[in-house]
Amino acid sequence: TPGPVVVLAMDRDRMGDYQKLVHSLRAANIPAEIYLGEGKMNAQLKYADKRGSLCAIIQGSNEREAAGGPQVVVRDLALGAELAKANKDRADYLEMRAKAQAAVPEAEMVERVRAILARKGAPLLG
């Protein structure tokens, strides 16, 4: 069984915002949790990988203060891992990264996560 969607804690003083993101996912029957350990983004993504998560949610100040309203980055961890094995060239890496993650409005987060989980055949809760 895949692990939960992990919401990265980019700004410790914004934990309430991250709790709202987790609540939105759980309300849609998607298993989710906030990263509560120490460490920067790479450590948090490694944690998500260890948990078997198929995707992670990232929201720093740039996403929160985006011109069109708050956004999140939805990172497809499974696709990113597959693509990373394919080639190590810098240009290819940037192209692969664009395919494996996308910034979307907060209101579209659940829909984007559902699409990733459906592609991988991951079950939802309840």
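The values are calculated or read from the model by the stated rules, or taken from the named source; none is laboratory data. Nothing here was measured: the structure is a model prediction, and the numbers come from that model. Using ideal geometry, Cβ is built from the backbone for each residue, glycine included, and neighbour counts are taken over all protein chains shown. In case anyone asks, the SASA skips ligands and DNA or RNA and just uses the protein heavy atoms, side chains included. Shrake-Rupley method; radii C 1.70, N 1.55, O 1.52, S 1.80 Å.
Here are the numbers for the structure shown:
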{"read-out": "Single match in Ala102, Ala98, Ala91, Ala56 (criterion: out of contact with any strand residue (DSSP E or B) (no Cβ under 8 Å at 6 or more places or on another chain) and under 28 Å from Thr1 (Cα atoms))", "value": "Ala98"}
{"read-out": "Ala98 more than 11 Å from the chain's Cα centre (by Cα) and surrounded by fewer than 19 Cβ atoms within 10 Å (Cβ to Cβ)", "value": "yes"}
{"read-out": "Filter result for Ala118 (modelled with pLDDT of 85 or more and open to solvent by 70 Å² or more (accessible area, probe 1.4 Å))", "value": "yes"}
{"read-out": "Only listed residue being open to solvent by less than 20 Å² (accessible area, probe 1.4 Å) and not in a helix (DSSP H, G or I), chosen from Ala56, Ala48", "value": "Ala56"}
{"read-out": "Neighbours by Cβ (under 7 Å, 6+ apart or cross-chain): first from the stretch 38-56, under 17 Å from Arg12 (Cβ atoms); second surrounded by fewer than 13 Cβ atoms within 10 Å (Cβ to Cβ)", "value": "Tyr47/Gly37"}
{"read-out": "Failed item in (1) open to solvent by less than 70 Å² (accessible area, probe 1.4 Å); (2) in contact with a helix residue (DSSP H, G or I) (Cβ under 9 Å, 6 or more places away or on another chain); (3) modelled with pLDDT of 95 or more, with Ala27 passing the rest", "value": "(1)"}
